[in-house]
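Here is the structure we will look at.
FYI, it's all coordinate maths here, none of it is from the lab. Owing to the predicted nature of the structure, the values given are computational and were not obtained by experimental measurement. Here the Cβ is made from the backbone with ideal geometry for all residues, glycine too, and neighbour counts use every protein chain on show.
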Amino acid sequence: MITEVARIEIDPADAVAFEAAVGEAMRHFRVAPGCRSFRLDRSVDRVGHYQLVVDWDSVEAHMVDFRATDGFAAWRSLAGPFFRTPPQVDHVERALQGF
């Protein structure tokens, strides 16, 4: 399993609408093959900054399979208008488990 971490910046004045849009888009991730979990984290220190954290079976499940779906297009249609800059996306895997 890999984790997609997308760092997103929006106008802080749009926070409520952005969070609602991501909540609406969540259903497209829920039904995507290979998608295991989905969450949106809001920065406490940097207003208007978020992290979208999605667990996938593989990088291909995200970058190839999901990106070819209408669900990805819907996600971008719902959330994309709020992005100040393109999201910075990394795929990570656990290197060490602590507590």
What share of all Cα pairs of the chain, in percent, falls into each consecutive 5 Å distance bin? 3, 13, 23, 26, 18, 11, 5, 1
Rounded to whole Hz, the Karplus (6.51, -1.76, 1.60) HN-Hα couplings of the stretch 60-76, x for glycine and proline: 5, 4, 7, 6, 9, 5, 5, 5, 8, 9, 5, x, 5, 4, 5, 4, 5
Report the charge-dipole magnitude of the stretch 2-92 in Debye, nearest 20, computed about the Cα centre from +1 at each Lys and Arg Cβ and -1 at each Asp and Glu Cβ. 100 debye
Extension gain, Val59 back to Asp41 (0.36 nm per residue minus Cα-Cα distance, nm): 4.4 nm
